[in-house]
Amino acid sequence: GRGLKLLPAQQAVEEAVANRQRNSGEKPYVIAQQYVDDPLLIEGRKFGIRVWVLVTGHNPLRVYLHRNGLVLFSTHGYDARTWAGS
């Protein structure tokens, strides 16, 4: 997708803050993901859990969690050797 970046966590936070300050008229959003080297498996398959949250304040912290989430399962079993050279 356009505008997607893979960044170390600290750099991602710094860039998100800088973008928010630069684009104060726009509604800022950030998508955060973390790669898991040794994934938890269910019946030998990788899975992902996607939840949507809205953070409206940090002092006091105010977070809203959407009632609908999404769980995705791989159609194929996970083999760590497949990813060893990546």
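None of the figures in this text is laboratory data; all of them are computed from the coordinates on show. Treat the numbers as computed from the prediction; the structure is a model and nothing was measured. Here Cβ is always computed from backbone atoms with ideal geometry, including for glycine, and neighbour counts include all displayed protein chains.
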Margin query: Using each residue's phi in the range 42-50, evaluate 6.51 cos²θ - 1.76 cosθ + 1.60 at θ = phi - 60° and report the 3J(HN,Hα) Karplus result to the nearest Hz, with x for Gly and Pro.
Written below: 10, 6, x, 10, 6, 8, x, 10, 10
Next item on the list: Return the long-range amide H neighbours of ARG45 (sequence gap of 5 or more, or a different chain), with a cut-off of under 5 Å between placed amide H atoms.
Entry: TYR78
Next item on the list: Along Cα→Cβ, 7 Å out, is where each label goes; now give me the distance between the ones at VAL51 and VAL17 in nm to one decimal.
Entry: 2.5 nm
Check: Between GLN10 and ASN59, what is the label-to-label distance in nm when each label sits 7 Å out along the Cα-to-Cβ direction?
Finding: 2.2 nm
